[in-house]
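Heads up: the structure comes next, in structure tokens.
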Amino acid sequence: MSAADQETVPGGDLAPLLGGAWSAGSHRDALAGLARLGWTPCGVGDWAVALRSPDGLLAARVCPFDPAYPAFLELCSRLPGNPYLPRVAFSTPLEGGGSLAVLEFLAPVEERTAADVARRWREGGGDPALQEVRRAALEIDARFRARVPWWDGIDLNPGNVRRAVDGRIAFIDVFCMDGAALYGQVLADAAVVRDRFPADGTRYLLDIPHIARESGPEEIRALRAAWG
């Protein structure tokens, strides 16, 4: 979804963002640009960093490398208005294979609520809107599984269940890559990874937050030496 196709997020002020040439810069440029606009870091996942808008209504997801996220954006665009999906204001690719997506802000929910919703998803139950999301997600999962290397599938755990500002339950990032296998392959033979992904999409493959947070200095050095 490009800036030209943005949805309306009530109260969200997109004007300062829409004038920027985000796609010409990397995820590093996007993070710096959002910070200059007053956006505040509010979360770090395995693949991306989130920042919250000054008015508190929007969140920006900045990612250096994540082939799974287009699947989630497709899910959102296929089911506009479904209460279980966030409204996406806009998204754009970034230089080197990263991405920037701006969507309505979603806060954590109570552990019991999140676990209950995740359980209903796994069991195929829930109200019609939840079932609609699940059916579409399964269809998208099948297509991405056939074409995306190291695809891991649907990952709806309690951490992916959130609450929108208007109080409804909504999901984030329900698809995932097999990161352990992917980065293990980088260490074993990086040429295999380079052969399966386009070069312009993996420039910042080692910049994902999980590596910075979880890998020791020796593993970081080994990854950088292997990737070259």
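The values are calculated or read from the model by the stated rules, or taken from the named source; none is laboratory data. Just so it is clear, the structure is predicted and the values come from calculations on it, not from any experiment. Counting neighbours? That spans all protein chains shown, and the Cβs are built from the backbone with ideal geometry, glycine included. Areas reflect the complete protein model, heavy atoms only, side chains present, ligands, DNA and RNA absent. Shrake-Rupley method; radii C 1.70, N 1.55, O 1.52, S 1.80 Å.
Each label was represented as a point 7 Å from its Cα along the Cα-to-Cβ direction; for Gln131 and Arg194 these points are 5.0 nm apart. The simple spin-label model puts a point 7 Å past each Cα toward its Cβ; for Arg147 and Ala24 those points are separated by 3.0 nm. Its DSSP H runs of at least 4 residues, each contributing -39,500 (n - 2.57), put the calculated 222 nm mean residue ellipticity of the chain at -12500 deg cm²/dmol, to the nearest 500.
For Val109, the amide hydrogen comes within under 5 Å of the amide hydrogens of Arg163, counting only partners 5 or more places away or on other chains and with H modelled in the peptide plane. Per-residue Karplus couplings for the stretch 58-70, computed as 6.51 cos²θ - 1.76 cosθ + 1.60 with θ equal to phi - 60°, are listed in order as 10, 10, 10, 10, 10, 10, x, 6, 6, x, 7, 5, x Hz, Gly and Pro entered as x. Applying 0.36 nm per residue to the separation of Arg224 and Asp116 and subtracting their alpha-carbon distance, the gain on full extension is 34.8 nm.
In order along the stretch 188-201, phi translates into HN-Hα couplings of 6, 6, 4, 4, 5, 5, 4, 5, 9, 10, x, 4, 6, x Hz, rounded to whole numbers, per the Karplus curve 6.51 cos²θ - 1.76 cosθ + 1.60 with θ = phi - 60° and x for Gly and Pro. For Glu74, Glu104, Glu111, Glu139, the ranking by accessible surface with the largest value first comes to Glu111, Glu139, Glu74, Glu104, using a 1.4 Å probe.
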